[in-house]
């Protein structure tokens, strides 16, 4: 990472660290006052989530400070873990083994290599065109027509969600924006922070004022009051963070509104998939947060749209 990005990134990381310190103090104070024996599940879950956020912010901070290589390696690992989580919940047959092996050990690393090489013309269509066509062929070669369409579609969408969409986060590092050279890591920080903050604020507003549920069957905790309050608050925060982006305050606010709306829709779709599979969380690798997809769910839809908007309107590549 270049020195031009360092002050802004360190400022953002310091602010997030201060918020986490305050949250930790509040969480521990609530535990000591209300349930020192750990008998309150809400408080215990809150403290587990705060602890998990410390780990995730530290990991993101290290990757950001390491620059392009660190960011690509981090998100390639996240894609691998998310792909594993997704496919664990699907029905697999022996005929699918070639396709699964190709997904993990050919398509995923090739997608990230294309991003590293900045081959936009190929990584932007590699999975939704070439991989989508290849995987059903591999499954058909192995025989077995039972539930063929369902199995093929599940594998295709696993790659779309876990690899294609997530890979657009590190792809932001490759954009050439006039007057913004060497600072692209801040675009990733902006995207992740605003979208994740929207999730948190929707939860807080929903707990405080939520009365009308949006989709009771899919996500009972999501309310219209929480949705409006969280999106509006995160949009204002995003506009206030214009200084770390190539955008004006109005542009930063507009993009924040778009990615928070997409983040909400993405989370709702991921919840629908989980309910269809009969599970509460995608996994249990992150204490208090479920699996990797549970943490990345709101970024999945917002990342590719944010990337293409920035590329189209601000980048020269």
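Coordinate-derived values only; no laboratory data. All values derive from a computational prediction rather than experimental measurement. Neighbour counts run over all protein chains shown; Cβ positions are idealised from the backbone, glycine included.
Computed over all pairs of different Cα atoms, the Kirkwood value for the hydrodynamic radius of region 89-174 is 13.2 Å.
Once the chain from residue 312 to residue 29 is taken as fully extended at 0.36 nm per residue, the excess over their C-alpha distance is 97.1 nm. Neighbour counts of C-beta atoms inside 10 Å place 71, 150 in the sequence 150, 71, starting with the fewest. Extent along the principal axes, Cα only, for region 247-317: 43, 23, 20 Å, with the longest axis given first. Between residue 208 and residue 101, the modelled labels are 5.5 nm apart [label points 7 Å from Cα along Cα→Cβ].
Computed from the alpha carbon positions, the gyration tensor of region 175-283 leads to an equivalent ellipsoid with semi-axes of 30, 17, 9 Å, biggest first. Compactness of region 1-122 was expressed as the Cα radius of gyration divided by 2.2 N^0.38 Å, which yields 1.48.
Quick one: if you take sqrt(5λ) for each eigenvalue of the C-alpha gyration tensor of the chain, what semi-axes come out, biggest first, whole angstrom?
Working: eigenvalues 198, 145, 64 Å².
Largest first, the chain gives 31, 27, 18 Å.
Cβ crowding within 10 Å ranks 274, 280 as 280, 274, fewest other Cβ atoms first.
Quick check on packing: order 92-100, 107-115 by the mean number of other C-beta atoms within 10 Å, highest mean leading.
Details: 92-100: 17.0, 107-115: 20.0.
Order by mean packing, descending: 107-115, 92-100.
The peptide list 187-199, 226-238, put in order of mean Cβ contacts within 10 Å with the highest first, becomes 187-199, 226-238.
Note on region 53-118: Cα-only Rg and Dmax are 14.5, 43 Å.
Calculated FRET efficiency, residue 19 to residue 147, Cβ-Cβ distance, R0 = 51 Å: about 0.65 to the nearest 0.05. As a rough footprinting exposure proxy, the listed residues 85, 44, 154, 146 were ranked by other beta carbons within 10 Å of their own, and the order from fewest upward is 146, 44, 154, 85.
Report the Cα centroid-to-centroid distance between region 212-266 and region 150-209 in angstrom, as an integer. Centre-to-centre distance over Cα atoms comes out at 13 Å.
Between residue 305 and residue 236, residue separation times 0.36 nm minus the direct Cα-Cα distance comes to 22.9 nm. Per-residue ellipticity at 222 nm from helix content only, as computed over the chain with -39500 (n - 2.57) for each DSSP H run of at least four residues, stands at -23000 deg cm²/dmol. Per the Debye calculation on region 182-244 with a single equal scatterer at every Cα and no solvent contribution, log₁₀ I(q)/I(0) for q = 0.15, 0.26, 0.27, 0.29 Å⁻¹ amounts to -0.49, -0.97, -1.01, -1.10.
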